[in-house]
Amino acid sequence: MGSQIAVRIPDELDKEISSLAERMHLKRSDIVRLALKKFIKDIHKKEEAGPYEKVKYLVGSISSGVPDLGEEHREYLVKRFKKDA
C-alpha cells in the first residue's frame, strides 16, 4: 500500500468510526479511507461546477415580501428610480 498518515481525532469521532466499522464489517482504516475519498470527490465536483451549481442552494431562499416581483420587476424598478431621482 501507499504512504501512511497519523491524525489525532476527538474521542467522539473515534467512537463513531469504530461503531461504523463494526456495523459494516470493515477496518477502521477502511472507514477513514472511504471518508477521505468521498470528501476529495465532493471537493472536485464543487470546483468543476458551473456558476448555477455553485449558488443553486440560494435560489428561492430569500423573500422580498413583494408577491409579483418576478412578473412586475420593471415597474418596481422604474418606480424606485423615479423615487431616488
What does the helix-only formula give at 222 nm for the chain: each DSSP H stretch with n ≥ 4 adding -39500 (n - 2.57), the total divided by the residues, and the result rounded to the nearest 500 deg cm²/dmol? -19500 deg cm²/dmol
Contour minus Cα-Cα span, residue 77 to residue 33, at 0.36 nm per residue, comes to 10.5 nm
Residue-span extension gain [residue 64 to residue 42] - 0.36 nm each, minus C-alpha spacing: 4.7 nm
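What is the sum of charges around residue 28, taking Lys and Arg as +1, Asp and Glu as -1, for the other residues whose C-beta is under 10 Å from the C-beta of residue 28?
Details: positive: 27, 33; negative: 14, 22, 30.
Once positives and negatives cancel, what remains is -1.
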Find the lysine pairs in the chain meeting two conditions, Cα atoms under 30 Å apart and a separation of 8 or more places or different chains, and report how many there are. 25
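Rule-based calculations on the coordinates, nothing more; no lab input. Predicted model, so just to flag it, every value in this text is computed and none were measured. Ideal geometry is used to build each Cβ from the backbone, glycine not excepted, and the neighbour counts take in all protein chains shown.
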